[in-house]
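The values are calculated or read from the model by the stated rules, or taken from the named source; none is laboratory data. As the structure is a prediction and not an experimental result, all values here were calculated from the model. Here the Cβ positions follow ideal geometry from the backbone for every residue, glycine too, while neighbour counts run over all protein chains shown.
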Number of protein chains: 2
Amino acid sequence: MSAIHGANELPVSAPQERGDAARNRLLLLDAARMLIAERGADAVSMDDIAAAAGVGKGTLFRRFGSRAGLMMVLLDEDERAIQQAFLFGPAPLGPEAPPLQRLLAFGRERLRFVQTHRDLLLDANRDPDSRYSAPFAVMHTHIRVLLQAAGSTGDLDAQADALLALLDADYVSRQLLERGRSLDTLGDAWDSVARKLCGT
Amino acid sequence: MSAIHGANELPVSAPQERGDAARNRLLLLDAARMLIAERGADAVSMDDIAAAAGVGKGTLFRRFGSRAGLMMVLLDEDERAIQQAFLFGPAPLGPEAPPLQRLLAFGRERLRFVQTHRDLLLDANRDPDSRYSAPFAVMHTHIRVLLQAAGSTGDLDAQADALLALLDADYVSRQLLERGRSLDTLGDAWDSVARKLCGT
């Protein structure tokens with residue numbers, strides 16, 4: 001996923017125009033988030049989003065290019081927020097907690113993230129390039145570092161890949177919808193495998 | 001993947017006709033296998049297969065419906081052969097070997113299978129129904145049973161899922177082609193995670 005530049009990094013334009021653009025961007029993203037949370041991504045059209053934000057549809061397309069473009073921005077912003085939380089946030093996700101506790105908290109937090117962003121992540125999974133994009137690499141490194149700090153030995157890359165597979169959107173979605181499992185039991189399962197790999 | 005009926009289960013027809021149909025089926029499958037092994041599935045056309053088998057293209061389509069149909073039959077037959085080997089074959093894959101040894105042998109055998117059938121398995125992965133079809137369920141159960149017999153405790157389903165992820169065609173393909181890893185190092189990685197889960 002490419003970096004999304006903030007409104008203040010746009011090319012030269014009058015201050016007022018930049019302010020409007022930034023405000024419209026936030027209005028549109030908030031409206032999209034709210035509608036998706038209410039109805040699921042599939043049931044939300046660009047018309048709905050423009051109307052809910054009180055912004056013209058032309059502005060919506062100028063700002064995000066396409067529906068897919070808007071969805072990528074939403075996912076990208078939330079991926080950044082979760083990264084911020086597990087790299088720099090408070091315990092138990094962040095660096096003040098002991099490594100095994102952080103690892104277990106990361107699994108449960110990511111499962112919640114996958115449930116919330118299921119539709120967008122499933123779309124992203126259809127394309128190997130976006131499936132294995134920057135967030136995937138950051139999560140792999142994070143898990144690998146925590147495994148090592150928690151005292152795991154052996155092939156830590158393979159262990160991180162195996163653990164990450166339990167947080168994959170297709171896998172989680174199938175467990176929730178077809179196997180009737182809950183987010184809590186999937187969290188317990190991640191917990192069990194992670195503890196096993198750390199030898200506790 | 002649906003069960004493929006042998007030629008002798010075809011509807012009523014003259015014995016000679018049945019014999020010809022069975023012979024043509026084998027000729028066509030052998031020719032397809034040989035050409036795919038030589039050139040990769042993408043470079044093999046239905047014309048090539050009919051010509052190599054010395055059989056008319058009409059017969060080829062009558063027998064398998066479509067190129068996709070033929071590919072499914074090839075994969076299905078090879079899936080059955082590998083299942084036969086790990087369920088009932090000789091050690092180290094089969095039941096005469098101790099469970100951990102069988103588990104380690106299974107990982108390496110499946111990695112070879114994935115490399116050989118990469119194109120067909122990657123195609124199958126694009127469709128969640130064929131991704132999680134019968135062979136996937138059989139492998140999951142096999143790994144789960146071996147983990148238990150080898151003394152693993154905890155959530156064995158999650159452990160089996162995590163191990164299976166390391167044998168997934170997309171994952172293996174990416175490790176081989178983009179990460180420059182070899183089948184041997186992937187086998188060592190599987191080995192390391194499997195041993196870890198069994199506590200050895």
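Tabulated values for the structure
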| read-out | value |
| --- | --- |
| Verdict on B:Gly154 being within 9 Å of chain A (Cβ to nearest Cβ) and at positive phi | yes |
| Residue check, B:Ala50 part of a helix (DSSP H, G or I) and either in contact with a helix residue (DSSP H, G or I) (Cβ under 7 Å, 6 or more places away or on another chain) or not assigned by TED's automatic domain parsing to the domain that holds B:Gln101 (or both) | yes |
| From A:Arg181, A:Arg126, residue being within 13 Å of chain B (Cβ to nearest Cβ), among the basic types (Lys, Arg) and touching a helix residue (DSSP H, G or I) at 6+ places or on another chain (Cβ under 9 Å) | A:Arg181 |
| Qualifying residue in region B:99-112 (condition: within 9 Å of the chain's Cα centre (by Cα) and farther than 20 Å from B:Arg144 by Cβ) | no |
| Residue check for B:Leu146: within 13 Å of the chain's Cα centre (by Cα) and assigned by TED's automatic domain parsing to the domain that holds B:Leu75 | no |
| Unique residue being within 17 Å of A:Ala194 (Cα to Cα) and either among the aromatic types (Phe, Trp, Tyr) or more than 8 Å from chain A (Cβ to nearest Cβ) (or both) when the list is B:Ala189, B:Ala160 | B:Ala160 |
| Test: residue in region B:161-169 that is surrounded by 15 or more Cβ atoms within 10 Å (Cβ to Cβ) and more than 21 Å from the chain's Cα centre (by Cα) | no |
| Subset tally (residues that are under 19 Å from A:Glu79 (Cα atoms) and either modelled with pLDDT under 95 or more than 7 Å from every other protein chain (Cβ to nearest Cβ) (or both)) for region A:166-178 | 7 |
| Considering residues of region A:79-111 that are in contact with a helix residue (DSSP H, G or I) (Cβ under 9 Å, 6 or more places away or on another chain) and among the aromatic types (Phe, Trp, Tyr) only, the residue modelled with the lowest pLDDT | A:Phe86 |
| Candidates A:Asp119, A:Asp155, A:Asp129 - the one that is modelled with pLDDT under 90, acidic (Asp, Glu) and crowded, with 16+ Cβ neighbours inside 10 Å | A:Asp119 |
| Residue satisfying condition, being assigned by TED's automatic domain parsing to the domain that holds A:Leu183 and over 27 Å from A:Leu26 (Cα atoms), within set A:Arg112, A:Arg108 | A:Arg108 |
| Contacts under 8 angstrom Cβ, first residue in region B:31-56 being without any contact (Cβ under 8 Å) to a residue 12 or more places away in the chain, partner buried (at least 19 other Cβ atoms within 10 Å of the Cβ) and β-branched (Val, Ile, Thr), 6 or more apart | none |
| Where B:Val73 falls short, out of the listed (1) of a type outside the set (D, E, K, R); (2) within 30 Å of B:Lys196 (Cα to Cα); (3) within 15 Å of the chain's Cα centre (by Cα) | (2) |
